[in-house]
Amino acid sequence: MLYPKINDARTVMDLSGIWDFKLDDGKGFEEKWMEEPLADPVQVAVPASYNDQIEGVGYRDHCGWAFYQKEIEIPKILLSQRVVLRFGAVTHSAKVYLNGELVCEHQGGFLPFEAEINHLVQPGKNLLCVAVDNRVNYSTLPIGNEVGAAFFGSDLPDIPSVNETVQKPHNAPNFDFFNYAGINRPVKIYTTPKAYIRDIVLVPELKDGEAKVHYRVECAGDAGEDSGEVTVRFFDEEGEEAACARGSEGTVLIENPHLWQPGNAYLYTAKAEYGEDMYEEKFGVRSIEIRGTQFLINGEPFYFKGFGKHEDSEVHGRGINEPMNVKDLSLMKWLGANSFRTSHYPYAEEMLDLCDREGIVVIDETTAVGLNFGWNDEGYAKFHTKEHHEQVIRDLIARDKNHPCVAVWSIANEPDTEKQPQAAHDYFMPLYHLAHECDPQDRPVTLVICQNDYTRDITAPEMDIICANRYYGWYVFGGDLDAAERAMRTEMKYWEKLGKPWMLTEYGADTVAGLHKATGNMFSEEYQVDYYKTINKVLDECGFVVGEHAWNFADFATIQGTLRVDGNKKGLFTRERRPKLAAHYFRHRWHEVPDFGYKG
Ligand code: BDP
């Protein structure tokens with residue numbers, strides 16, 4: 001799906017700003033709140049999560065629908081064009097109305113969706129209404145628990161006082177990040193000519209110092225008289241034409257190409273023209289390949305240094321925060337990091353554009369987190385996520401396929417792959433193959449496994465790169481780093497035999513900024529440093545380890561619970577991005593560890 005851009009043929013209106021907002025009291029649909037201006041609304045900013053914008057438990061912990069409204073006018077002059085309403089992400093599901101009429105519905109809180117609205121636009125004022133549902137359950141991604149206690153909350157004891165107490169409906173996410181909701185990413189109206197470019201696919205192929213670029217331009221709409229044929233011109237960063245082609249599909253040659261390299265990005269532009277329409281898509285020339293235990297970028301063995309992250313910041317919640325995105329990439333460079341994983345959902349398109357530009361390598365993850373704890377003996381039969389999971393993989397890859405920064409697709413985080421190994425295999429292997437089929441660049445595909453009896457797992461070994469989260473020294477052998485080191489080493493002997501590239505996608509220790517001990521213990525800044533030194537020592541011994549991603553880049557908000565003191569504190573930075581001691585440790589380490597050829 002193309003990102004809305006303004007150019008000679010298209011215009012974009014950004015609907016960011018203050019919108020009317022009202023939590024549903026259970027009667028919103030029955031009373032048809034979408035048809036009239038909301039009675040007694042509060043004001044919230046869009047895009048952003050609503051939870052932390054207004055004080056009160058009611059807003060923070062709301063469970064169910066909420067309504068947003070904005071009055072908009074569309075300039076008459078635009079109505080001869082296709083007028084499209086587009087949402088970057090609405091969490092987790094949305095119903096969109098214009099003047100009381102349903103425009104579209106969407107499931108899933110982290111990918112864009114859009115609809116043509118010409119037939120519903122009225123002259124003058126139009127009432128745009130977006131109903132948003134934040135509930136998660138066994139058929140959504142991410143997964144929520146339908147009954148019982150929340151993940152990381154307290155397990156409820158089986159005693160009369162508890163059994164006789166009815167709790168108010170509440171969110172019980174089966175994942176460790178606050179269930180922020182709302183219109184989290186930009187809302188835009190854009191136009192295209194009636195015959196328009198629907199999509200552009202770009203596949204660079206690097207061989208013997210030359211780059212072939214296979215392209216496809218998909219056109220759609222009313223072709224009218226004669227929309228003519230497609231022309232695509234390729235420009236380098238200086239604006240010089242590097243190649244040109246006619247036809248909706250073809251291959252061009254770029255001689256002496258500038259490569260897109262981690263830390264040294266170079267972006268070409270493909271300018272497609274079709275009839276009245278045109279669109280410019282950026283791309284990079286680079287190759288990604290797995291050879292034996294190596295992960296190669298442009299033919300060189302790459303070593304991932306970086307983080308699992310979250311889209312999480314004060315007040316914005318999970319809403320896009322572009323200054324913070326810029327700051328985060330700047331801090332990554334300060335640390336000598338070169339990569340991150342979009343744990344545990346697709347991040348905003350704006351962030352991927354930034355990573356393309358800054359040369360940061362991305363492991364791009366779906367929303368499939370939580371297919372794990374609390375499912376007891378029912379196994380995968382308990383979840384009804386398969387079709388939605390397939391849709392998320394299709395939509396994610398359709399959105400991000402051209403980004404040079406994206407190096408790996410992660411189809412899930414910490415699913416259970418151990419309790420019913422065959423059921424996990426049956427569920428995930430078709431998704432693994434689907435991801436390969438969907439990606440025109442055929443990047444490596446993985447899923448990220450959790451700490452478990454790895455010897456029972458028959459799914460992870462099938463992945464192109466094995467990605468594991470390990471907490472030896474925290475959840476396992478917390479406080480005993482000697483044991484952590486030995487356990488980690490024992491496990492690595494197991495993985496070595498597989499002969500595949502392996503990376504540690506999460507490891508970390510909760511750390512309260514400012515808590516210092518001469519002899520570090522759990523939660524102190526010194527312990528976090530000792531923990532990382534211990535595990536890194538083992539990683540450095542293993543030639544098949546292709547990367548280390550600390551958990552987490554920064555402290556982040558979670559559900560309330562006895563294991564979380566105002567959120568998850570495993571950040572190398574605080575939530576405000578102040579470095580802990582471990583950030584300085586990694587800064588020292590990662591400036592010594594090269595991006596390429598670290599393990600020979
Ligand atoms: C892992 C999860 C991650 C959690 C982390 C933790 O992948 O989402 O935040 O543990 O406990 O299991 O800090």
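The values are calculated or read from the model by the stated rules, or taken from the named source; none is laboratory data. All values reported here derive from a predicted model rather than from experimental measurement. No Cβ is skipped: glycine too gets one built from the backbone with ideal geometry, and neighbour counts run over all protein chains shown. Keep in mind that these areas ignore ligands, DNA and RNA; they rest on the heavy atoms of the full protein, side chains included. Shrake-Rupley method; radii C 1.70, N 1.55, O 1.52, S 1.80 Å.
A few notes on this one:
- Contacts under 9 angstrom Cβ, first residue in the stretch 553-571 being farther than 13 Å from Val512 by Cα and open to solvent by less than 10 Å² (accessible area, probe 1.4 Å), partner part of a strand (DSSP E or B) and more than 10 Å from the ligand (Cβ to nearest atom), 6 or more apart: Phe553/Gly306; Phe553/Phe307; Phe553/Phe340; Phe553/Phe573
This table checks each residue for (1) under 20 Å from Val46 (Cβ atoms); (2) open to solvent by 60 Å² or more (accessible area, probe 1.4 Å); (3) modelled with pLDDT under 95; (4) in contact with a Cys (Cβ under 9 Å, 6 or more places away or on another chain).
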| position | (1), (2), (3), (4) |
| --- | --- |
| Phe67 | yes, no, no, yes |
| Glu71 | yes, yes, no, no |
| Leu85 | yes, no, no, yes |
| Ala94 | yes, no, no, yes |
| Glu101 | no, yes, no, no |
| Pro112 | yes, no, no, no |
| Ala115 | yes, no, no, yes |
| Gln122 | no, yes, no, no |
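- Just so you know, in the stretch 306-339 the residues that are within 14 Å of the ligand (Cβ to nearest atom) and not in a loop (DSSP other than H, G, I, E, B) include one that is farthest from Ser49 (Cα to Cα), and it is Phe307.
- Of all residues in the stretch 193-222, those that are exposed (fewer than 14 other Cβ atoms within 10 Å of the Cβ) and not in a strand (DSSP E or B) total 3.
- When each of Ser343, Ser330 is tested for being among the hydroxyl-bearing types (Ser, Thr, Tyr), open to solvent by less than 10 Å² (accessible area, probe 1.4 Å) and within 20 Å of Glu548 (Cα to Cα), the lone residue that passes is Ser343.
- Residues that are among the acidic types (Asp, Glu) and farther than 18 Å from Val408 by Cα, drawn from the stretch 420-462: Asp426, Asp453, Asp457
- Residues that are near the ligand (Cβ under 10 Å from one of its atoms) and among the basic types (Lys, Arg), drawn from the stretch 541-581: Arg564, Lys569, Lys570
Okay, residues lined up against (1) touching an Asp or Glu at 6+ places or on another chain (Cβ under 8 Å); (2) assigned to a strand (DSSP E or B); (3) farther than 24 Å from Gly306 by Cα:
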| residue | (1), (2), (3) |
| --- | --- |
| Arg394 | no, no, yes |
| Pro404 | yes, no, no |
| His433 | no, no, yes |
| His436 | yes, no, yes |
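- Put simply, of Gly514, Gly520, Gly499 the only residue that is at pLDDT below 95, away from the ligand (no atom under 14 Å from the Cβ) and outside any strand (DSSP E or B) is Gly520.
- Counting residues in the stretch 430-442 that are under 28 Å from Glu491 (Cβ atoms) and open to solvent by less than 10 Å² (accessible area, probe 1.4 Å) gives one or more.
- Taking every residue in the stretch 239-260 that is in contact (Cβ under 8 Å) with a residue 12 or more places away in the chain and pairing it with any residue that is among the β-branched types (Val, Ile, Thr) and surrounded by fewer than 17 Cβ atoms within 10 Å (Cβ to Cβ), at least 6 positions away or on another chain, the pairs with Cβ-Cβ distances below 7 Å are Arg246/Thr231.
- Checking Cys467 against (1) of a type outside the set (Gly, Ala, Ser); (2) open to solvent by 20 Å² or more (accessible area, probe 1.4 Å); (3) within 14 Å of the ligand (Cβ to nearest atom), the condition it does not meet: (2)
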